[in-house]
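Just so it is clear, none of the values below were taken in a lab; they were calculated from the coordinates. Since this is a predicted model, take the numbers as computed values, not measurements. Neighbour counts run over all protein chains shown; Cβ positions are idealised from the backbone, glycine included.
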């Protein structure tokens, strides 16, 4: 079967994006986050520029809980990055 260049590119892009998703999922799992949770955090903290207080208010989560989760996530991320460098 002869594939057109467009189909070949499509299949290559599909394979690459699947590998990126798998790699991301492995790293996010180590942080105990799903892809959806990561996306929500990214959007609220970076793109919308919300503070921890604003995130707590918007999600209905106590501010102390938001702060603790951010602190724990940052500590886990730092540990993972050190492990990858070693």
Query raised in the report: How high is the relative contact order of the chain, in percent, with contacts defined as C-alpha pairs under 8 Å that are six or more residues apart?
Result: 16
**Report entry** Förster-model FRET efficiency, 22 Å R0, residue 26 and residue 51, C-beta, rounded to 0.05
**Finding:** 0.15
Query raised in the report: In what order do 70, 16 fall by count of nearby beta-carbon atoms within 10 Å, going from fewest to most?
Result: 16, 70
Query raised in the report: To the nearest 0.05, how large is the calculated FRET efficiency for residue 14 and residue 34 if R₀ is 22 Å and r is the Cβ-Cβ distance?
Result: 0.50
Query - Kirkwood Rh (inverse of mean 1/r, distinct Cα pairs), region 18-65, angstrom - result: 11.8
Report summary line: The exposure ranking of 33, 72, fewest beta-carbon neighbours within 10 Å first, is 72, 33
Query raised in the report: How big is the convex hull of the Cα atoms of the chain, per residue, in Å³?
Result: 143
Report task. Could I have the simple spin-label model distance between residue 63 and residue 43, label points 7 Å from Cα toward Cβ, reported in nm to one decimal? Result -> 2.5
Report task. Report, in deg cm²/dmol and to the nearest 500, the calculated mean residue ellipticity at 222 nm for the chain, where each DSSP H run with n ≥ 4 adds -39500 (n - 2.57) and the sum is divided by the residue count. Result -> -25000 deg cm²/dmol
